[in-house]
1. Determine whether Ser6 is surrounded by 13 or more Cβ atoms within 10 Å (Cβ to Cβ) and modelled with pLDDT of 75 or more.
2. If I ask for residues that are surrounded by fewer than 21 Cβ atoms within 10 Å (Cβ to Cβ), more than 13 Å from the chain's Cα centre (by Cα) and hydroxyl-bearing (Ser, Thr, Tyr), which ones from region 168-197 would you list?
3. Only one of these conditions is not met by Gln205: (1) open to solvent by less than 30 Å² (accessible area, probe 1.4 Å); (2) more than 16 Å from the chain's Cα centre (by Cα). Which number is it?
4. Out of the residues in region 148-167 meeting the condition of being hydrophobic (A, V, I, L, M, F, W, C) and more than 15 Å from the chain's Cα centre (by Cα), tell me which one is most open to solvent (accessible area, probe 1.4 Å).
5. Which one is nearest to Pro177 (Cα to Cα) among residues in region 39-62 that are part of a helix (DSSP H, G or I) and open to solvent by less than 40 Å² (accessible area, probe 1.4 Å)?
6. Only residues in region 152-171 that are of a type in the set (Val, Ile, Thr) count as the first member; pair them with residues that are open to solvent by 40 Å² or more (accessible area, probe 1.4 Å), Cβ under 6 angstrom, at least 6 apart or cross-chain, and list the lot.
7. Given the criteria open to solvent by less than 50 Å² (accessible area, probe 1.4 Å), of a type in the set (A, V, I, L, M, F, W, C) and more than 26 Å from Lys167 (Cβ to Cβ), does Ala88 qualify?
Amino acid sequence: MLTPDSSQLHEPNIQSPEQPGTIGTPATPNSMKKTSGWFVAIAAGLGGLVSLSLGTYGRIHTPTGQGITSLGFSAVLPMKAWLATGAASLVIVQIISALWMWGRLPGAGSAPRWISQVHRWTGTTAFLLTLPVAYHCLWALGFRDSTPRVLAHSLLGCAFYGIFTTKMLVLHSKRMPGWTLPLMGALLASVLTAIWMTSSLWYFQNFGFPAT
């Protein structure tokens, strides 16, 4: 979810000394670099469109003010707090596994092949955990700006899915610069952490840990 996926990591520690900052692929001609730039720009534009669409829908939609489902939790708010916490916790696994795959985890040695599967499935799980939370926020609450924290949370939520869309578009492309996936992964991890801080962490600090 947050960084390179196993389909692109046939061998661990894929960066080579001769090509710092690449993804283990040969140097590309100038024409390919230009194509790569355009491809990344288009992917980023589509991701931005997703973010804008979510924000627009949240703004013009009349919030229902009612919870949709609690998924077996005692109430909607505990569900949102714990699901968001679960997703944010998996970000830690994502960061560690990504650093290991990229050969950036001090003292860890070469990454075993199974670590890419751990990275892939924890990323998928984290994304799925965000969906019920985002659905409730959009449907029941809409895009809100009543306080700086609420505004930041709304903007971050829209941005998360835009960045995720961009990352998915460039993930399997051979036309991207080497910095693209690390940047997308870092952005996703940072934004998801900020989303948790402006929602679940705030809730825990002000109301205590909710029962499941």
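The values are calculated or read from the model by the stated rules, or taken from the named source; none is laboratory data. Bear in mind that the values here come from a model prediction, so they are computed numbers and not experimental data. For neighbour counting, all protein chains shown are included, and Cβ atoms are generated from backbone atoms with ideal geometry for every residue, glycine included. Calculation scope for accessible area: heavy atoms of the full protein, side chains included, ligands and nucleic acids excluded. Shrake-Rupley method; radii C 1.70, N 1.55, O 1.52, S 1.80 Å.
1. On the way: surrounded by 13 or more Cβ atoms within 10 Å (Cβ to Cβ): yes; modelled with pLDDT of 75 or more: no.
So Ser6 does not fit the description; no.
2. Ser173
3. (1)
4. Residues of region 148-167 that are hydrophobic (A, V, I, L, M, F, W, C), as a first pass: 150-152, 155-156, 158-160, 163-164.
From what's left, more than 15 Å from the chain's Cα centre (by Cα): 150-152.
Details: Val150: 26, Leu151: 65, Ala152: 36 Å².
Looking at the filtered set, the residue picked out is Leu151.
5. Of region 39-62, the ones part of a helix (DSSP H, G or I) are 39-60.
Pick out the ones that are also open to solvent by less than 40 Å² (accessible area, probe 1.4 Å) and you get 40, 43, 47-48, 51, 55, 58.
Working: Val40: 8, Ala43: 13, Gly47: 17, Gly48: 19, Ser51: 23, Gly55: 29, Gly58: 34 Å.
Selected residue: Val40.
6. The qualifying pairs are Ile163/Leu187; Thr165/Val50; Thr166/Ala44.
7. Working: open to solvent by less than 50 Å² (accessible area, probe 1.4 Å): yes; of a type in the set (A, V, I, L, M, F, W, C): yes; more than 26 Å from Lys167 (Cβ to Cβ): no.
No: the conditions fail for Ala88.
The rows are residues; the columns are (1) over 22 Å from Leu171 (Cβ atoms); (2) not aliphatic (A, V, I, L, M).
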residue: Ala43; (1), (2): no, no
residue: Leu54; (1), (2): no, no
residue: Ser70; (1), (2): yes, yes
residue: Phe73; (1), (2): yes, yes
residue: Leu77; (1), (2): yes, no
